[in-house]
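Participant: Structure in structure tokens, see below.
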Amino acid sequence: MSNGFPDSVDVWRMVNASRSYEGTLAVASLTRLSSSLAEARGKLEVEIEFGRDALTVPFLHLKVRGQMPLTCQRSLEVFDWPLAIDTRLGLIRREEDEAALPPGFEPLLVHGDGEMILADVIEDEVILALPLVPRKPDLAGTDEWTWSSDAERAPVVAESKPNPFAALAQLKPKPKQ
């Protein structure tokens, strides 16, 4: 990491000290995330805050901002998707403790001695935030597509669909006069 981030922290010491960090993280350093992106470029702006809430629940408040280069699944063009994460992770020691978390907290299981690699937590949250089917914002509202016969094969919006039952009207017997 850069700009004041330690590679790993003792979670419980950070919670007791109410520590916070701000800085940037290179997207290229997140190898699991890179496979979901069109290009591994850019930086993420990260804010991390450790503490306890009013009910003394230990938490990690994570804010991440950046631009993710994704491939549109409709046009196959690369576009920058705006990433904005603002989540509060409830720190738990055992899976059974998840039920005790108040609403608004996502569980984060802390193993063993409480050592945590911050980049791994950030990478997990970014991967979870990515859209399952990336679409360019100007194509996101378009539901119907057809392909033109031009050499460019440019996408065009379908005008209107014919009624699939229109052919049945011709089969209907005509009333006798």
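The values are calculated or read from the model by the stated rules, or taken from the named source; none is laboratory data. Since the model is a prediction, treat every value here as computed from it, not as a measurement. Note that we place each Cβ from the backbone using ideal geometry, even for glycine, and neighbour counts take in every protein chain shown. Quick note on the areas: whole protein, heavy atoms, side chains included, nothing else; ligands and nucleic acids left out. Shrake-Rupley method; radii C 1.70, N 1.55, O 1.52, S 1.80 Å.
Participant: Inspect all residues belonging to the stretch 136-154 and state whether any of them is in contact with a strand residue (DSSP E or B) (Cβ under 8 Å, 6 or more places away or on another chain) and at pLDDT 75 or above.
Facilitator: Scanning the stretch 136-154 turns up at least one residue that is in contact with a strand residue (DSSP E or B) (Cβ under 8 Å, 6 or more places away or on another chain) and at pLDDT 75 or above.
Participant: From Ala100, Ala84, grab the single residue that is open to solvent by 30 Å² or more (accessible area, probe 1.4 Å) and over 24 Å from Ala28 (Cα atoms).
Facilitator: Ala100
Participant: Among the residues of the stretch 103-111, is any over 23 Å from Phe5 (Cα atoms), open to solvent by less than 30 Å² (accessible area, probe 1.4 Å), part of a loop (DSSP other than H, G, I, E, B) and touching a residue at least 60 places away in the same chain (Cβ under 8 Å)?
Facilitator: no
Participant: Also: Given the residues Arg13, Arg65, Arg41, which is the only one that is surrounded by fewer than 17 Cβ atoms within 10 Å (Cβ to Cβ) and in contact with a Pro (Cβ under 7 Å, 6 or more places away or on another chain)? First the steps, then the outcome.
Facilitator: Working: Arg13 fails: in contact with a Pro (Cβ under 7 Å, 6 or more places away or on another chain); Arg65 fails: in contact with a Pro (Cβ under 7 Å, 6 or more places away or on another chain).
That would be Arg41, the only listed residue that is surrounded by fewer than 17 Cβ atoms within 10 Å (Cβ to Cβ) and in contact with a Pro (Cβ under 7 Å, 6 or more places away or on another chain).
Participant: Is it the case that some residue within the stretch 6-23 is within 19 Å of Ile127 (Cβ to Cβ), hydrophobic (A, V, I, L, M, F, W, C) and either at pLDDT 95 or above or out of contact with any His (no Cβ under 8 Å at 6 or more places or on another chain) (or both)? Talk me through it step by step, then tell me what you get.
Facilitator: Step one: of the stretch 6-23, the residues within 19 Å of Ile127 (Cβ to Cβ) are none.
There is no residue in the stretch 6-23 that is within 19 Å of Ile127 (Cβ to Cβ), hydrophobic (A, V, I, L, M, F, W, C) and either at pLDDT 95 or above or out of contact with any His (no Cβ under 8 Å at 6 or more places or on another chain) (or both).
Participant: Hey, another quick one. In the stretch 25-64, which residues are assigned to a loop (DSSP other than H, G, I, E, B) and closer than 19 Å to Pro82 by Cα?
Facilitator: Applying the first criterion (assigned to a loop (DSSP other than H, G, I, E, B)) to the stretch 25-64 yields 30, 35-42, 53-57.
Residues satisfying the conditions are Leu30, Ser35, Ser36, Leu37, Ala38, Glu39, Ala40, Arg41, Gly42.
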